[in-house]
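**Q** Mind looking over this structure? Questions follow.
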Amino acid sequence: MPPQPLAMSSLAALREGYERFDPRAYLQNNYLPPRADFSSEEFVVPWKLRCLAETFASGEICGRTLIDVGSGPTIYQLLSACDHFEEIVATDYLAVNREELGRWARGEPGTFDWSPFIQHVCKIEGRGEPWQEKERRLRGRLRRILPIDVHRPDPLGAPLRPPADALLSAFCLEAVSPDLAAFARALAHAGSLLRPGGHALLLGALGESFYLAGAARLPVVPLAEDDVRAALAGAGFALRDFRSYAMPPALRTGVDDVDGVFFAHAQKPPEA
C-alpha cells in the first residue's frame, strides 16, 4: 500500500492524541487562576469575555441559530451570545467534551463552576441582571450538543436546515489541524454551516505549538495574525474586526507555549 500523504498521517496522529484528552485537566489549566483572574481587565479571560460582550452588544449579530464549532468542555464563550439567539448548538469531536457540556446543561452536581465567568459577563454587560438568570437562559437555549469533524466538507455529517445565522469558534481550528493548509480548509468547512450574510466570531491562539490536557500533549498550528486574516479571506469572509492580546509573563504557566490570543469578527457576503 502506498504511504499516506503527510497531512492525512498527521491528522490520524492528531486524532490519536486527542483520545488522551482530559477535559478536567484542560479546564484547570486554562479556566482557574492565574489565567481566570477577574481582578483586572488586563488578564486574558476578562479580555476574551469583553471582546465577545462588546461585539454582541451591537445587536447586529442575532437570529434563530448560533453554532459553536468545537466547544470543548467550555461554555464561557456562549454567555453573551445566548441573549441574541433562540437556539445555541454546541459541537465537539470528542464524546468526553460533549458529555461534560451535557452535564452542565442539565445542572448536574460536580460540573465545573462557571459562576465567576457568568457574574463577570453580567457585570461588563451592565444590565444589572442576576447572574443566575443568564445561567438559566443559556441552559435553556443550549438545546443540541452534536458531534462535529471540521476536516470533513460537511462537518456535522448532514446539512443544517436552515443554515446558522452565526458561528462562533474558540481555540478549536488551530488545535485540531496538522498544518496551516488544514487550518484554512477547516475554517472553510465550518463556514459552510453559515447562511449568506451571517457572522463568524473566532477566538484563538497566536504562536502556540502545543498545549497540555492531562496526559495529552497536543500539537497546535502556530498562527500569526496574517495567517488568520488570509484564512478568513480564503474562506470567503470579509473581516470586520481583529484584536490581539499578548500573553504576559505571569500567565505563561507551562501548560502551553502560547504567545497571544486573537479575536476576529468576520462576515459571509450576502447572496447577490
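**Q** Residues that are more than 23 Å from Ile67 (Cβ to Cβ), open to solvent by 10 Å² or more (accessible area, probe 1.4 Å), aliphatic (A, V, I, L, M) and without any contact (Cβ under 8 Å) to a residue 40 or more places away in the chain: does the stretch 184-206 have at least one?
**A** no
**Q** Hey, another quick one. Being over 10 Å from the mean Cα position of the chain (by Cα) and open to solvent by less than 20 Å² (accessible area, probe 1.4 Å) is the filter; apply it to the stretch 74-89 and report the residue that is nearest to His189 (Cα to Cα).
**A** Val89
**Q** Let me ask another. How about the stretch 229-259: which of its residues are of a type in the set (A, V, I, L, M) and under 25 Å from Ala36 (Cα atoms)?
**A** Ala246, Met247, Ala250, Leu251, Val255, Val258
**Q** Let me ask something else. Does Thr55 satisfy the criteria of being of a type in the set (Val, Ile, Thr), open to solvent by 10 Å² or more (accessible area, probe 1.4 Å) and in contact (Cβ under 8 Å) with a residue 60 or more places away in the chain?
**A** yes
**Q** Name the residue that is modelled with the lowest pLDDT, counting only residues in the stretch 219-262 that are open to solvent by less than 30 Å² (accessible area, probe 1.4 Å) and in a strand (DSSP E or B).
**A** So, considering only residues that are open to solvent by less than 30 Å² (accessible area, probe 1.4 Å) and in a strand (DSSP E or B), the one modelled with the lowest pLDDT is Asp256.
**Q** Considering only the stretch 100-113, state which residues are outside any loop (DSSP other than H, G, I, E, B), out of contact with any strand residue (DSSP E or B) (no Cβ under 7 Å at 6 or more places or on another chain) and in contact (Cβ under 8 Å) with a residue 40 or more places away in the chain.
**A** Keep residues of the stretch 100-113 that are outside any loop (DSSP other than H, G, I, E, B), which gives 100-105.
Of the ones still in play, those that are also out of contact with any strand residue (DSSP E or B) (no Cβ under 7 Å at 6 or more places or on another chain) are 100, 103-104.
The one that is outside any loop (DSSP other than H, G, I, E, B), out of contact with any strand residue (DSSP E or B) (no Cβ under 7 Å at 6 or more places or on another chain) and in contact (Cβ under 8 Å) with a residue 40 or more places away in the chain: Glu100.
The values are calculated or read from the model by the stated rules, or taken from the named source; none is laboratory data. Please read these numbers as outputs of a predicted model, since none were measured by experiment. FYI the Cβ positions are ideal-geometry reconstructions off the backbone, even for glycines, and counts take in every protein chain you see. Ligands, DNA and RNA are stripped out before the accessible areas are found, and what is left, the full protein with its side chains, is counted by its heavy atoms. Shrake-Rupley method; radii C 1.70, N 1.55, O 1.52, S 1.80 Å.
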